[in-house]
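Asks: Pasting a structure here, questions to come.
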Amino acid sequence: MCQLSKMEHKVYSARRREAIYWHLASHGVPKSLHCLRLILAEQYAINSMARLHLPPPEYASHLANPSFRHIVLLTDNVLAASVVVSSAVQNTVQPERMVFHIVTDKKTYTPMHAWFAINPIESAIVEVRGLHQYDWSEEVNIGVQDILQIQRLIRSHNYNKLEQDNFQHVGEQKRSLEALRPSVLSLLNHLRMYIPEVLF
């Protein structure tokens, strides 16, 4: 009887773990976006148009020109970046005075670059750069590393708490589950305070 009870407890615990892992997976990259990224990464590899320099060399001087309006997008979402840039260009009086600095992570850099190279936004200047292309100052490196370490500790604490409860109160611990989302640990979430130092 004791053996049966232990087995039932293990099955119950495994089902709770499954619920947590399903939650984490469902908040990862949606399949449609993942497929788009793969298609764009392939285009970057085989299509020379997808590798064109952004912005074109004749507009490079505008990237740090203070007389232009500079908009920084920190994102790993290709479609969202495209919508934001297109919408801003369509809804401004002087789109030719706008410079968009799109900063993304290393894995999204090639799809993001391919998208804006293949689908150029008329009138606006668009720069796409990956985090791996920046030379970080020591101060920024230390600050970001500290923030990421704190996030990892919080994530570890929340996961350990769920594990100690044998994953029994998953529904009640929505905040703990949110802290386990992969997007919470994204470096892009922690760079907002360093934008002037990183870009200019």
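The values are calculated or read from the model by the stated rules, or taken from the named source; none is laboratory data. Owing to the predicted nature of the structure, the values given are computational and were not obtained by experimental measurement. Backbone-built Cβ (ideal geometry, glycine too); neighbour counts: all protein chains shown.
Asks: Inspect the range 22-36 for any residue being under 30 Å from Phe116 (Cα atoms), modelled with pLDDT of 75 or more and part of a helix (DSSP H, G or I) and give the result as yes or no.
Replies: Yes, some residue in the range 22-36 is under 30 Å from Phe116 (Cα atoms), modelled with pLDDT of 75 or more and part of a helix (DSSP H, G or I).
Asks: Can you name every residue in the range 92-138 that is of a type in the set (Ser, Thr, Tyr) and either in a loop (DSSP other than H, G, I, E, B) or surrounded by fewer than 15 Cβ atoms within 10 Å (Cβ to Cβ) (or both)? Break it down into steps so the answer makes sense when it comes.
Replies: The initial filter retains those residues of the range 92-138 that are of a type in the set (Ser, Thr, Tyr), namely 92, 104, 108-110, 123, 134, 137.
The answer is Thr92, Ser123, Tyr134, Ser137.
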